[in-house]
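A.B. asks: Below is the structure I would like to discuss, written out as structure tokens.
The values are calculated or read from the model by the stated rules, or taken from the named source; none is laboratory data. Quantities reported herein were computed from a predicted structural model and do not represent experimental measurements. Cβ sites come from the backbone with ideal geometry, for glycine too, and all protein chains shown count toward neighbours. Accessible surface areas use protein heavy atoms only, side chains included; no ligands, DNA or RNA. Shrake-Rupley method; radii C 1.70, N 1.55, O 1.52, S 1.80 Å.
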Amino acid sequence: GAVVSQHPSWVICKSGTSVKIECRSLDFQATTMFWYRQFPKQSLMLMATSNEGSKATYEQGVEKDKFLINHASLTLSTLTVTSAHPEDSSFYICSAGLAGGETQYFGPGTRLLVL
Amino acid sequence: GNSVTQMEGPVTLSEEAFLTINCTYTATGYPSLFWYVQYPGEGLQLLLKATKADDKGSNKGFEATYRKETTSFHLEKGSVQVSDSAVYFCALNIPGGSEKLVFGKGTKLTVNP
């Protein structure tokens, strides 16, 4: 149980285009989803926390207009990287948590390469 | 604030060697502590956790004990295998808070046959 999927697993796009990444909880309802960014050989940096039906809470320094997060249902959250640039290339990971729970379940990650 | 400090790698061991990866934390309140593992090309998987002082988390031969007096949660395994090669992250969160996890920087472990 507690499986989280991400789609796509990797994507290559041209600079200036927008990319949408989906995060789904497959066998449970996730009241909270988190989006992380991981640079090579570094830890995970929390970008934002999203709760179903409400606006995401962004961490300091993360541009909310650049990284659009939508959490439309208890099983789906999306991250859209708008007008992507090469510096946005990274490994993006989502996680999902249960209400009142402290354990997060992580997706396999999406590798984004912007040319 | 809340933070996690773990030993920097990389760590390279021979198969069947003993493993210790140190982790210490700073937290306001009473955190829950976690070890996550990331295998090459994959996302993070929860390895083990402990929610209160003196608790011992264990899984797949790995163990870690929540030591409040030393604010530590060191990861240990008595005999590592090649398949244990991965990056290990220590993390904490504060129950009842925002559920955000605070991660250490990760320690890369390579086990050679």
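A.B. asks: Specify which of the listed residues (B:Leu13, B:Leu33, B:Leu46) is assigned to a strand (DSSP E or B), open to solvent by 40 Å² or more (accessible area, probe 1.4 Å) and not hydroxyl-bearing (Ser, Thr, Tyr).
C.D. replies: B:Leu46
A.B. asks: Follow-up. What is the one condition in (1) open to solvent by 40 Å² or more (accessible area, probe 1.4 Å); (2) within 25 Å of A:Ile93 (Cβ to Cβ); (3) part of a strand (DSSP E or B); (4) free of Cβ contacts under 8 Å to residues at least 40 places away in the same chain that B:Glu63 does not satisfy?
C.D. replies: (2)
A.B. asks: Another question about this same structure. Among the residues of segment B:72-88, are any at pLDDT below 95 and either of a type in the set (D, E, K, R) or part of a strand (DSSP E or B) (or both)?
C.D. replies: Yes.
A.B. asks: Something else now. Residue check: is B:Thr20 more than 12 Å from chain A (Cβ to nearest Cβ) and touching a His at 6+ places or on another chain (Cβ under 7 Å)?
C.D. replies: Answer is yes for this residue.
A.B. asks: Quick one: how many residues across segment B:67-100 are touching a strand residue (DSSP E or B) at 6+ places or on another chain (Cβ under 7 Å), at the interface with chain A (Cβ under 10 Å from one of its Cβ atoms), aliphatic (A, V, I, L, M) and open to solvent by 10 Å² or more (accessible area, probe 1.4 Å)?
C.D. replies: 1
Here is a yes/no grid of residues against (1) of a type in the set (A, V, I, L, M); (2) without any contact (Cβ under 8 Å) to a residue 24 or more places away in the chain:
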position: A:Ser9; (1), (2): no, no
position: A:Cys13; (1), (2): no, no
position: A:Ser18; (1), (2): no, no
position: A:Thr32; (1), (2): no, no
position: A:Tyr36; (1), (2): no, no
position: A:Lys66; (1), (2): no, yes
position: A:Tyr92; (1), (2): no, no
position: A:Ala96; (1), (2): yes, no
position: A:Tyr105; (1), (2): no, no
